[in-house]
Amino acid sequence: MQDIAQMTALELGKKIQEREVSAEEAVRACLTQIQREETQIHAFVSIEEEKALARARQVQKQIDSGALAGPLAGVPAAVKDNICTEGMRTTCSSRILSDFVPAYSAEAVARLEAAGAVILGKTNMDEFAMGSTTETSYFGPTKNPWKRTHVPGGSSGGSCAAVAAGEAFYALGSDTGGSIRQPSSFCGVTGIKPTYGTISRYGLIAYGSSLDQIGPIARDTADCAALLEILASYDKKDSTSICREDYHFTEALTGEAKGLRIGIPSDYLGQGLDEGVKKAVLAGAEGLKEQGASVEYFDLGMVPYAIPAYYVIASAEASSNLSRFDGIKYGYRAGEYEDLHEMYKKTRSEGFGPEVKRRIMLGAFVLSSGYYDAYYLKALRAKALIKKAFDRAFERFDIILGPAAPSTAPALGESLQDPMKMYLGDIYTVSANLAGLPGLCLPCATDEAGLPVGMQLMADCFQEKKLFRAASAYEKIRGRWRLPIRDKEGM
Ligand code: GLN
């Protein structure tokens, strides 16, 4: 039999249904990988070994009795640590929530569990999902499984690294400005940020509420489509949740590129884009063209405004969302203080890291009465124009294809020295959040250092099926993607 560690989530799910592998064996396979890799990779903030084993046995009983028959029942998963899990510590990789144990699970987690998921633990991230490298975590950085001297990307770096290292078969991430797609690109895994409102945000600890979306990170496109089918739903507990007409995402895995109209924004290919990344992504587009897709270059427009608009809006919302962490309602409280005001001040000064403080200050500034019109309102206008630019593009194209990030994974420590450069690295991802669009990133090559390069596909709102179709067609050309999972033979 194929080694469990190398299977996709759906392949494993099938073996579990066929009783060739038990849910407990699947968990043990992950725990073996975790034992082998975790001291070096540090993808997890918490690992719940006993809970996962008990849960696997419970799921197995339900499978055996016929009560559970879904394609992913019994498959072990990891969850980003900003998504609430009942009875399981949820820290946002921040000191201020380092002891927080939620009393309820996020809707996305509840839906996975109803489908038979076994949660192994919670994954590391940039503090409160602010960052692009997973280095701003209070618990220390995660390393890239392809090359441990490099970052996994962020903020869902722990989730992507766990999947890439074979420590979990899939993971949940969240994406406010690229945090699923960019680390997927850096770690050589496949991740999708769905249309805003598709997956409930209930139980996702908010960063920028108008931009945040949960999404699946997995080993290939089919796994992502199957997961989205489980995760997507209308949820009345989330006021921005949307009731969609069609939830049958796996139907779109046709592997058929013929007739797809693909547009490549010329404004994505200019200065700042690494030559190797550009070549790999354009070769990907060429492959789809050979399979019958049409490929055209065009000017998207508004591209230079995406980063400033994003950082103004995201920080504004963050400054408001994070005001709830005051030492009273949740988590950490400073040890010594004279009065209430000093308690707030000390708690927040000690509880938040420097990147989070920077965003709170920036956000409070752009919302302040003297500057609201000049910054926040202007950013909202830019956001509306960015949406219009995409509307125009999607009149002509089914898919917008481009890189997910300007480079492959940088070395540890490199990005934090220059935060401005790190912010600019989000250029290809933030617009999808500003416009509410779905975006998928899948691996298309490795660079000369052996680090993966991701290709990003974007579609109009509610057109995830087009993404799955194009991605499955591309995977047919590319072939099975091998992750750096060290199996019995040591890789
Ligand atoms: N890098 C971006 C930021 O720091 C995106 C983060 C995210 O998507 N959560 O805001």
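Does residue 393 satisfy the criteria of being surrounded by 13 or more Cβ atoms within 10 Å (Cβ to Cβ), within 30 Å of residue 442 (Cβ to Cβ) and within 16 Å of the ligand (Cβ to nearest atom)? When the stated conditions are applied, residue 393 does not pass them.
Within segment 435-452, which residues are within 14 Å of residue 184 (Cα to Cα) and either in a helix (DSSP H, G or I) or not polar (S, T, N, Q) (or both)?
439, 440, 441, 442, 443, 444, 445, 451, 452
So if I check each of 170, 104, which one is over 21 Å from residue 402 (Cα atoms), more than 11 Å from the ligand (Cβ to nearest atom) and surrounded by fewer than 24 Cβ atoms within 10 Å (Cβ to Cβ)?
Values: 170 fails: surrounded by fewer than 24 Cβ atoms within 10 Å (Cβ to Cβ).
Going through 170, 104 in turn, the sole match is 104.
Does segment 114-124 include one or more residues that are at pLDDT 95 or above, in a loop (DSSP other than H, G, I, E, B) and closer than 18 Å to residue 93 by Cα? Among the residues of segment 114-124, at least one is at pLDDT 95 or above, in a loop (DSSP other than H, G, I, E, B) and closer than 18 Å to residue 93 by Cα, which makes the answer yes. Checking each residue in segment 280-294 for being surrounded by 20 or more Cβ atoms within 10 Å (Cβ to Cβ) and among the hydrophobic types (A, V, I, L, M, F, W, C) picks out 280, 281, 285, 288, 293.
Checking each residue in segment 437-466 for being closer than 18 Å to residue 160 by Cβ, more than 16 Å from the ligand (Cβ to nearest atom) and polar (S, T, N, Q) picks out only 446.
For segment 368-400, the candidate set comprises residues that are assigned to a helix (DSSP H, G or I) and acidic (Asp, Glu); within that set, the residue that is farthest from residue 258 (Cα to Cα) is 373.
If you go through segment 126-144 one residue at a time, do you hit one that is closer than 27 Å to residue 401 by Cβ and aliphatic (A, V, I, L, M)? There is at least one residue in segment 126-144 that is closer than 27 Å to residue 401 by Cβ and aliphatic (A, V, I, L, M). Taking the criterion of being of a type outside the set (Asp, Glu) and away from the ligand (no atom under 11 Å from the Cβ), would at least one residue in segment 127-134 satisfy it? No, that holds for no residue. Scanning segment 419-436 for residues that are over 20 Å from residue 278 (Cα atoms) and either modelled with pLDDT of 95 or more or away from the ligand (no atom under 14 Å from the Cβ) (or both) returns 433, 434, 435, 436.
Given the condition of a type in the set (Ser, Thr, Tyr), more than 18 Å from residue 307 (Cβ to Cβ) and assigned to a helix (DSSP H, G or I), answer yes or no: does some residue in segment 453-475 qualify? Yes, there is a match, as at least one residue in segment 453-475 is of a type in the set (Ser, Thr, Tyr), more than 18 Å from residue 307 (Cβ to Cβ) and assigned to a helix (DSSP H, G or I). Taking the criterion of being away from the ligand (no atom under 12 Å from the Cβ), of a type in the set (Gly, Ala, Ser) and part of a helix (DSSP H, G or I), the residues of segment 151-167 that qualify are 158, 161, 162, 164. Of the residues making up segment 195-214, those that are of a type outside the set (Val, Ile, Thr) and within 14 Å of the chain's Cα centre (by Cα) are 196, 201, 204, 207, 211, 212, 213.
The values are calculated or read from the model by the stated rules, or taken from the named source; none is laboratory data. Treat the numbers as computed from the prediction; the structure is a model and nothing was measured. All Cβ positions, glycine included, derive from the backbone under ideal geometry; neighbour counts span all protein chains shown.
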